[in-house]
Each structure stands twice: as C-alpha cells, then as structure tokens.
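These notes concern the structure reproduced below.
The values are calculated or read from the model by the stated rules, or taken from the named source; none is laboratory data. On a predicted model such as this, the values are computed, not experimentally measured, just so you know. Neighbour counts run over all protein chains shown; Cβ positions are idealised from the backbone, glycine included. All accessible areas refer to the heavy atoms of the entire protein, side chains included, with ligands and DNA or RNA removed. Shrake-Rupley method; radii C 1.70, N 1.55, O 1.52, S 1.80 Å.
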Amino acid sequence: MATRAPDNLAAIPPHPPVRSGPGTHRRHLVHRMDVKASPYAYVAPFFLLFCAFGLFPLAYTAWVSLHDWTLLSDVHKFVGLDNFTALLGDDYFWNATFNTLSIGVLSTVPQLLLAIWLAHLLNRPLRAQTLFRVTLLLPNVTSVVAVVVIFSQLFGRDYGLINWVLSWFGAGSVDWNAGTATSHTAISIMIMWRWTGYNTLIFLAAMQAVPRELYEAATIDGASGFTQLRKITVPMIRPTIVFVVITSTIGAMQVLAEPLLFGTYSVTGGPDRQYQTLSLFIYENFTKLDFGYASAVSWMMFIFIVVIAGVNYLLTRRTRGSLT
C-alpha cells in the first residue's frame, strides 16, 4: 500500500541553488593555499633560526678553515687544504682525538646501561615514584661548574674523599689528575653522574608505552625481570635507544666543561695533555687567535661526529635480531 505524502509538503520552499561566482572561487583558492602553506609557515621560524645560528656558522667555519685566518693580521690568505694537512700531522690533534674517544666510551656505555636498568626498575609499581623521577633529574639541572668543582675535591690527591675510601683497602693515594687512565675515569664519572638520570627518564617514557599485557604474559610463563628486560623491553624501545645513543655520542664528542675545569683549569688538559679533548683543543687554538686552524679542527670534529653517530646507528639497528 502506497504511503500518502503530507498535505503541507508543497508548502516547503525548494532549496536555493548553489551559485558560484568570483567570490566563491576566490574563497576556495584561499582555502587551498592556506591548507598547503600553513604547515610551512608554522615550521618557518625553526628553519630561520637554524639557518642563522646553525647552517651559516657551519658554512662560514668551512670558509675560514681554508684561510690563514688570524686576528693578528688584517690579511686572510687563502691556503686551501693546508690547515687540514697540517692537522693530520699534528700529534696534539690525535692525542685530543684519543682522549675524546676514551672519555666518550668510558662515560657513554656504562651510562646507557645503567639508565636502561634504572628505567626498568622505575617502570614497576613503586611508592613515591614521582619523588624518584624528580630526584633523577636533579643532577642534570645542577650547574656544571658546581659539579666539576665538587668532584675535583672528591678526587683530590691529598684530601679527597675517594682516596680516603680507597685507603681502607690499602690502595694508597691516587693522583687522579696526573695519569691518563685515572683522569679519564674521573671525568667519565662526572659525566655519568650528570646525564644518567636524564637518559633514564627518556627510557622510562618509552617503557610506559609498552603494553602491560606482554609483561603479564611473560610473568605467567615464569620469565624473570632480567629476561623481560632483555626480551620485551629492549626490543620494544629500540627506536628510543637509537636516539639516545646518537645524542649521547654527539654530547661525548663535544665535552668541554668537565676537562676544562678539572684539576689545573687549563685549556691544555693537564701538563701532559692527558685529558685534553677536541673541544679543548679547538678552544686552545681560539685563544691563540688562530681561527683558520681552529676552524679546521672544528670541521674534523664534525666529520668524526657524523661518522661515529652513523656507525652507532648501524650497530644499534643490527642488534635487533640478537635482542629479540
């Protein structure tokens, strides 16, 4: 049976037709331009600042490194790659490179392992979790000058707390500033103390996104906490590990304040340059007003950072199969 239409249907006015004109076309054009151009406008301030304070100094440093550039002369002679050639034959440069790599390995590897373990512990239900997390961040917000001054006193040869504790075991008095291994160890401990808590919070934030069902299933299967860390946590936060490894590598290659303020407070890194890093070597050449040579060292350090960060990235990516 057919339904009867309402009597007042004819009284409903028809929908007015959509009219297109120059104004409508203009509005559509502005809308399309806004959708396409807005993202670029939002990120433009970052790129402007990057070009002004990142890209331009990098390019200008490369230009200066090709000149005999010193403030003692108004003439800056173009020498090409002579600065880099002299740099490759400079024993002080290779000594600074070795010290940088040694301090970087001694500080970065234990730091990241400890940060992952602490994050794994804090990822469990604990009392006063917020207090522990805030406490981990306190070393990072502490002034680096205060940190180095305090640790320099702790590692003092005659009245340092570390030597006092070692004397209980008959180790005797250790001159932490004099030796290469001892000075590298002391500086690495300073760096670890400052940055372990910071990296712990980064790993903890990544662990919070791991599904809890995986841990519950592993617990039912009888997996221990270390097994869960190795088989579940580490593979799941692998992108974060890659990020932290790269940023820690960059920071380790650029370490400056700790060796500068440690011990003798000298740009040479001790009387025998036993803990002079690449950043200190650059700073030393800047104090000599030899900007061309210092710029060449800066670019060599930049190349080292890119190569080492790339190698760390590849090694971290290849460990995926062994960790799963």
Residue within the stretch 278-292 that is of a type in the set (S, T, N, Q), open to solvent by less than 30 Å² (accessible area, probe 1.4 Å) and under 16 Å from Ser183 (Cβ atoms) present: yes
Qualifying residue in the stretch 220-229 (condition: at pLDDT 85 or above, more than 22 Å from Gly270 (Cα to Cα) and outside any helix (DSSP H, G or I)): no
Inter-residue pairs, beta-carbon under 8 Å, first free of Cβ contacts under 8 Å to residues at least 12 places away in the same chain and more than 11 Å from Ile189 (Cα to Cα) and in the stretch 140-155, second among the β-branched types (Val, Ile, Thr) and assigned to a helix (DSSP H, G or I), 6+ apart: Leu154/Ile162
Selected residue (only one of Leu136, Leu126, Leu154, Leu131 is of a type in the set (A, V, I, L, M) and closer than 18 Å to Ile202 by Cβ): Leu136
Total residues in the stretch 235-246, condition under 17 Å from Ala119 (Cβ atoms) and open to solvent by 20 Å² or more (accessible area, probe 1.4 Å): 8
Some residue of the stretch 259-267 being open to solvent by 60 Å² or more (accessible area, probe 1.4 Å) and without any contact (Cβ under 8 Å) to a residue 12 or more places away in the chain: yes
Leu121 being within 15 Å of Thr200 (Cβ to Cβ) and open to solvent by 80 Å² or more (accessible area, probe 1.4 Å): no
Qualifying position, being farther than 26 Å from Ala294 by Cβ and out of contact with any Phe, Trp or Tyr (no Cβ under 6 Å at 6 or more places or on another chain), among Val109, Val79, Val105, Val75: Val109
Conditions (1) under 28 Å from the mean Cα position of the chain (by Cα); (2) open to solvent by less than 60 Å² (accessible area, probe 1.4 Å); (3) at pLDDT 85 or above: number failed by Ala217: (1)
Among the residues listed as Gly222, Gly172, Gly270, the single one being open to solvent by 40 Å² or more (accessible area, probe 1.4 Å) and at positive phi: Gly222
Residue in the stretch 83-97 that is at negative phi, open to solvent by 30 Å² or more (accessible area, probe 1.4 Å), in a helix (DSSP H, G or I) and of a type in the set (Ser, Thr, Tyr) present: yes
Sole exception among (1) surrounded by fewer than 16 Cβ atoms within 10 Å (Cβ to Cβ); (2) small (Gly, Ala, Ser); (3) under 29 Å from the mean Cα position of the chain (by Cα) for Gly80, by number: (3)
Complete set of residues in the stretch 124-136 that are open to solvent by 50 Å² or more (accessible area, probe 1.4 Å) and in contact (Cβ under 8 Å) with a residue 12 or more places away in the chain: Arg133, Thr135
